[in-house]
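Undergrad: Before I ask anything, let me first share the structure, which is written out below as structure tokens.
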Amino acid sequence: FMASFDFNSFVTQNHEKGGSIMAMLVCSAQKCVYNNGMYCSKGDIKVGGENATRVQETCCTDFTERTTQGAKSSMGTASQKINVACEACHCVYNDEHKCTAGQIGITGAGACTSEQTECGTFKCNCGK
């Protein structure tokens, strides 16, 4: 049983504690407004898929499709290191809704919605 997860409160608490969970992130979802040269300019993302047992059941919940009338460039400054909150409670890298993987790959080269993205780093702790 897991209670619903409040991402904004997690980020606030994390910053208040002075802790920083920064992962190296590479993202192939090039239609996302935050994607800038395979890096993310959002500053923090959340991986969805609370009951995921496979990569295909995860997603980047912050994916936002870049529209034709929208800005060509991403919002903010792209960074290689990013805070990643994680709802995928069956992932070996999930530690209290924080991703502990040193490197994360978000996939979804042709994605137009967050459901078409995946956390390529997800690894199920099923059976452990």
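The values are calculated or read from the model by the stated rules, or taken from the named source; none is laboratory data. Predicted model, so just to flag it, every value in this text is computed and none were measured. Positions of Cβ are backbone-derived with ideal geometry, glycine not excepted, and every protein chain shown enters the neighbour counts. Side chains included, ligands, DNA and RNA excluded: accessible areas come from the protein's heavy atoms. Shrake-Rupley method; radii C 1.70, N 1.55, O 1.52, S 1.80 Å.
Undergrad: Pairs needed: first member in the stretch 35-64, under 22 Å from Gly127 (Cα atoms); second member anywhere, surrounded by fewer than 23 Cβ atoms within 10 Å (Cβ to Cβ) and at pLDDT below 95; C-beta distance under 7 Å; at least 6 residues apart or different chains.
TA: Glu50/Met2; Thr53/Cys126
Undergrad: Being touching a helix residue (DSSP H, G or I) at 6+ places or on another chain (Cβ under 7 Å) and either over 16 Å from Gly37 (Cα atoms) or outside any loop (DSSP other than H, G, I, E, B) (or both) is the filter here; which residues of the stretch 80-116 pass it?
TA: Asn83, Ala85, His97
Undergrad: Output the residue which, of all residues in the stretch 31-50 that are outside any strand (DSSP E or B) and closer than 13 Å to Cys86 by Cβ, is most open to solvent (accessible area, probe 1.4 Å).
TA: Per the criteria, the residue is Glu50.
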